[in-house]
Amino acid sequence: RLRRDHGSLHEVVESVPDLVYFKDLSGRYILANASLRKLLDKNAEEVAGRSDLELMDDREGALAITENDLRVIRSGTGEMFEEHLRLSDGVHTFLAEKIPSRDEEGRITGVIGISRDITERKQMEISERAKRRWLESVLESAPVAIGVSRDGHTLYANSPYLMMFGYSNIEEIRGRPLIEQVVPEDRDRAMA
């Protein structure tokens, strides 16, 4: 049963699209799943017993990954990292969750990690921030008061809007109920 369970666990680790790995205290791979081996363009024998510095062309990225591993080993606690690695098609961003592995006596023996390629998501976030900055610049240049709210809470207000309601900056009202910007005696009418 133990062999069967071990085989099932191995099958799960090998089939996960994320990078799954186990490294010893020296940063040498004990286990690297199929996704990681594909990323490195290496087979299991070429990866086993080698470090990121030996396997990766991007020395700076490999050094950063190694430093994150050492941080987990030194602290003895798990941590999440955003790691960047230059690959043949450009720089990729990975969200890496790393925890220390321990033996039966609780001594740290290395690092266990799962890394997900979030490059596309990061590029979308950058694009969305650029769109938001552009839209805010358009709204800021408008000569009329413009406010944006969602579910009754203020998200954005341009300078004419802030001036009209007597605020000096958006942080005074961001996230606050929109109805608070109306004088108490007119709130019922505004709600209607």
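The values are calculated or read from the model by the stated rules, or taken from the named source; none is laboratory data. What you are looking at is a predicted structure, and each value in this text was computed from that prediction instead of being measured. Methodologically, a virtual Cβ is constructed for each residue, glycine included, from the backbone with ideal geometry; neighbour enumeration extends over all protein chains shown. Surface accessibility is based on the protein's heavy atoms, side chains included, excluding ligands, DNA and RNA. Shrake-Rupley method; radii C 1.70, N 1.55, O 1.52, S 1.80 Å.
Name the single residue, out of those in the stretch 105-131 being among the β-branched types (Val, Ile, Thr) and either assigned to a loop (DSSP other than H, G, I, E, B) or in contact with a helix residue (DSSP H, G or I) (Cβ under 8 Å, 6 or more places away or on another chain) (or both), that is nearest to VAL182 (Cα to Cα).
Let us first name the residues in the stretch 105-131 that are among the β-branched types (Val, Ile, Thr), namely 108-109, 111-112, 114, 118-119, 126.
So of that shortlist, the ones also either assigned to a loop (DSSP other than H, G, I, E, B) or in contact with a helix residue (DSSP H, G or I) (Cβ under 8 Å, 6 or more places away or on another chain) (or both) come out as 108, 111, 118.
Values: ILE108: 60, VAL111: 56, ILE118: 43 Å.
In this case the residue turns out to be ILE118.
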Response to the item:
Going through (1) at pLDDT 95 or above; (2) of a type in the set (A, V, I, L, M, F, W, C); (3) not in a strand (DSSP E or B) one by one, PHE94 fails only at (3)
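Which one of these is out of contact with any helix residue (DSSP H, G or I) (no Cβ under 8 Å at 6 or more places or on another chain), closer than 22 Å to ARG121 by Cβ and surrounded by fewer than 16 Cβ atoms within 10 Å (Cβ to Cβ): GLU82, GLU67?
GLU82
Which residues, counting only those in the stretch 132-162, are free of Cβ contacts under 8 Å to residues at least 12 places away in the same chain, assigned to a helix (DSSP H, G or I) and under 17 Å from ILE179 (Cα atoms)? Give the steps one after another, and end with the answer.
Initially, the stretch 132-162 is screened for residues free of Cβ contacts under 8 Å to residues at least 12 places away in the same chain, giving 132-135, 137-138, 141, 148, 150-151, 162.
Then keep just the ones that are assigned to a helix (DSSP H, G or I); that gives 132-135, 137-138, 162.
Scanning the stretch 132-162 gives a single hit, LEU162.
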Worksheet item: Which of the residues belonging to the stretch 165-178 are open to solvent by 50 Å² or more (accessible area, probe 1.4 Å), assigned to a helix (DSSP H, G or I) and at pLDDT 90 or above?
Response: GLU171, GLU172
Worksheet item: Residues of the stretch 50-64 being open to solvent by 40 Å² or more (accessible area, probe 1.4 Å) and not charged (D, E, K, R), which ones?
Response: LEU53, LEU63, ALA64
Item to complete: Mind telling me which of the residues ARG116, ARG102 ends up being under 30 Å from PHE22 (Cα atoms) and free of Cβ contacts under 8 Å to residues at least 24 places away in the same chain?
Response: ARG102
